[in-house]
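**Q** Here it is: the structure, laid out below.
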Amino acid sequence: MNLSIISFTGNGVELSLRTAEALEENSEIAGTVSLYTKCKHPGAAGQAAYVDCGIAQWAGAQLREQKALLFIGACGIAVRAVAPYLTDKLHDAPVLVMDELGRHIIPLLSGHVGGANALACGIGAAVGAEPVITTATDLNGRFAADLFAKRNDLWITDRAGIARVSSKVLAGQKITVSVEPGHERQGSRMPEGLAGIPYPPAGYADLVVSSEERDFDAGLVLRPREYIIGMGCRRGKSLEELEAFIKERIREAGILEEQLSALASIEQKKHEPGLLAWCQARRVPFLTYTARELWEAEGTFLGSSFVAETVGVDNVCERAAIKACKGAGSLVCGKYAKDGMTIAIAKRDWSVTFDET
């Protein structure tokens, strides 16, 4: 996830620079890091982009792009800035605060699903700041259903179910878990406090993991993000055009947006603004592959000599969708073209693990 850092003093600007440099050396912690400031001190010039609008307006623009925010300053500034744009814990972008001396870093919003807790720990380790984690399940070292869902690329069908499961976990009560057969990763072991029961559960289950569209008597149902979109498009296609095209195709296929695991394309499209914006708005990974990597995709594809001459491979959308399945998936919707855009959809094999990996 891309990170935007905003500071308010000269010390804050210096810390934001050190943070950005540290994250460049640890690229797995965050994606692109952008620096902003409200400090008018001459020393800040050229080091961070000056924000000439209100902090709330700036924060709103960043959050609409689903960027993680790190405020170097007081918690109150951050809270007031993001408050008008908050939706719910499943969709809010991560928001963190670090004091300008770099002693502590606090994840304020979206600790599990958005990854703010992990981001706080990563940044803290990189710059020497102590993460201040307040999430009860983390503090007590207990199973967290929303974090389990994030790690295993599952979508939460009912956010109220997270509280139902967490309250029992924190009360020390046993949590019953039912996983669709064939989808629990070999060697995975349930942590203490969880008990596996047969699938489908004969009665009530606290947690059910299933791709089947059936009603369960369960505290929380988690479903896999099974589908991967492969796309190609003419340069400069707008977000609105791409969005309408994708929505049309998945609706025809009977697929919900929540079931999408990733969007894949060829390397030449890795900076395509419309595709990037679509993925960022939905927190969906944007995966790109070289022409050589796409040629390696196994299967029968609808090839085009014109496409091969243009980008070096005979088919982008189908091959990209299959490549993103990592050798464990198949096409469910072949190549479809419209107005300079192509799309294909693959269904990946899925599995879950209870190990913290």
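**Q** Would you pick out the residues in region 55-84 that are farther than 17 Å from P107 by Cβ, free of Cβ contacts under 8 Å to residues at least 60 places away in the same chain and not aliphatic (A, V, I, L, M)?
**A** Residues satisfying the conditions are Q57, W58, G60, R80, P84.
**Q** Here is a further query. Just give me the residues in region 92-124 being out of contact with any strand residue (DSSP E or B) (no Cβ under 7 Å at 6 or more places or on another chain), without any contact (Cβ under 8 Å) to a residue 40 or more places away in the chain and open to solvent by 50 Å² or more (accessible area, probe 1.4 Å), in sequence order.
**A** Of everything in region 92-124, just one residue is out of contact with any strand residue (DSSP E or B) (no Cβ under 7 Å at 6 or more places or on another chain), without any contact (Cβ under 8 Å) to a residue 40 or more places away in the chain and open to solvent by 50 Å² or more (accessible area, probe 1.4 Å), namely A118.
**Q** Condition first: open to solvent by 20 Å² or more (accessible area, probe 1.4 Å), of a type in the set (G, A, S), modelled with pLDDT under 95 and over 24 Å from D349 (Cα atoms). Can you find one or more residues in region 238-251 that meet it?
**A** Scanning region 238-251, I find no residue that is open to solvent by 20 Å² or more (accessible area, probe 1.4 Å), of a type in the set (G, A, S), modelled with pLDDT under 95 and over 24 Å from D349 (Cα atoms), so the answer is no.
**Q** If I filter region 339-347 for residues that are open to solvent by 40 Å² or more (accessible area, probe 1.4 Å), of a type outside the set (A, V, I, L, M, F, W, C) and at positive phi, do I get at least one hit?
**A** So far as region 339-347 goes, yes, one or more of its residues are open to solvent by 40 Å² or more (accessible area, probe 1.4 Å), of a type outside the set (A, V, I, L, M, F, W, C) and at positive phi.
**Q** Moving on. For residues in region 214-237 being small (G, A, S) and more than 30 Å from P200 (Cβ to Cβ), which is farthest from the chain's Cα centre (by Cα)?
**A** Once the filter is applied, the top-ranked residue is G236.
**Q** Spot the failing condition for L154; the list is (1) modelled with pLDDT under 90; (2) farther than 28 Å from Q57 by Cα, and only one is missed.
**A** The one condition L154 does not meet is (1).
**Q** Can you pull out every residue in region 128-161 that is of a type in the set (V, I, T) and in contact (Cβ under 8 Å) with a residue 60 or more places away in the chain?
**A** Scanning region 128-161 gives I156, T157.
**Q** If a residue must be surrounded by 18 or more Cβ atoms within 10 Å (Cβ to Cβ) and modelled with pLDDT of 85 or more, how many such residues does region 33-50 contain?
**A** Residues in region 33-50 being surrounded by 18 or more Cβ atoms within 10 Å (Cβ to Cβ) and modelled with pLDDT of 85 or more: 6 in total.
**Q** Scan (1) at pLDDT below 95; (2) small (G, A, S); (3) in contact with a strand residue (DSSP E or B) (Cβ under 7 Å, 6 or more places away or on another chain) for the single condition S305 breaks and write down its number.
**A** (3) is the only condition that S305 fails.
**Q** Restricting region 290-321 to residues that are open to solvent by less than 60 Å² (accessible area, probe 1.4 Å) and among the charged types (D, E, K, R), which is farthest from the chain's Cα centre (by Cα)?
**A** Within region 290-321, the match that is farthest from the chain's Cα centre (by Cα) is D314.
**Q** If you take the residues of region 195-220 that are open to solvent by 20 Å² or more (accessible area, probe 1.4 Å) and among the hydrophobic types (A, V, I, L, M, F, W, C), which of them is farthest from I156 (Cα to Cα)?
**A** A202
**Q** Only one of G115, G187 is on the phi > 0 side of the Ramachandran plot and over 23 Å from the mean Cα position of the chain (by Cα). Can you tell me which?
**A** G187
**Q** Let me ask something else. For region 181-194, which positions are closer than 14 Å to V165 by Cβ and open to solvent by 40 Å² or more (accessible area, probe 1.4 Å)?
**A** M190, P191
**Q** Here's something else I'd like to know. Determine if region 258-272 includes at least one residue that is under 15 Å from T342 (Cβ atoms) and surrounded by fewer than 20 Cβ atoms within 10 Å (Cβ to Cβ).
**A** Within region 258-272, one or more residues are under 15 Å from T342 (Cβ atoms) and surrounded by fewer than 20 Cβ atoms within 10 Å (Cβ to Cβ).
**Q** Scanning for something of a type in the set (A, V, I, L, M, F, W, C) and closer than 17 Å to R225 by Cβ, does region 265-277 turn up at least one residue?
**A** No, there is no match, as no residue in region 265-277 is of a type in the set (A, V, I, L, M, F, W, C) and closer than 17 Å to R225 by Cβ.
**Q** Condition first: open to solvent by less than 60 Å² (accessible area, probe 1.4 Å), farther than 24 Å from R282 by Cβ and not acidic (D, E). Can you find one or more residues in region 141-161 that meet it?
**A** yes
**Q** What do you reckon, is G334 open to solvent by 50 Å² or more (accessible area, probe 1.4 Å) and of a type in the set (G, A, S)?
**A** Answer is no for this residue.
The values are calculated or read from the model by the stated rules, or taken from the named source; none is laboratory data. In this text, all values refer to a predicted model and were calculated from it rather than measured experimentally. Note: ideal-geometry Cβ built from the backbone for every residue, glycine included; neighbour counts use all protein chains shown. Remember, those area values only see protein heavy atoms, side chains included, never the ligands or the DNA or RNA. Shrake-Rupley method; radii C 1.70, N 1.55, O 1.52, S 1.80 Å.
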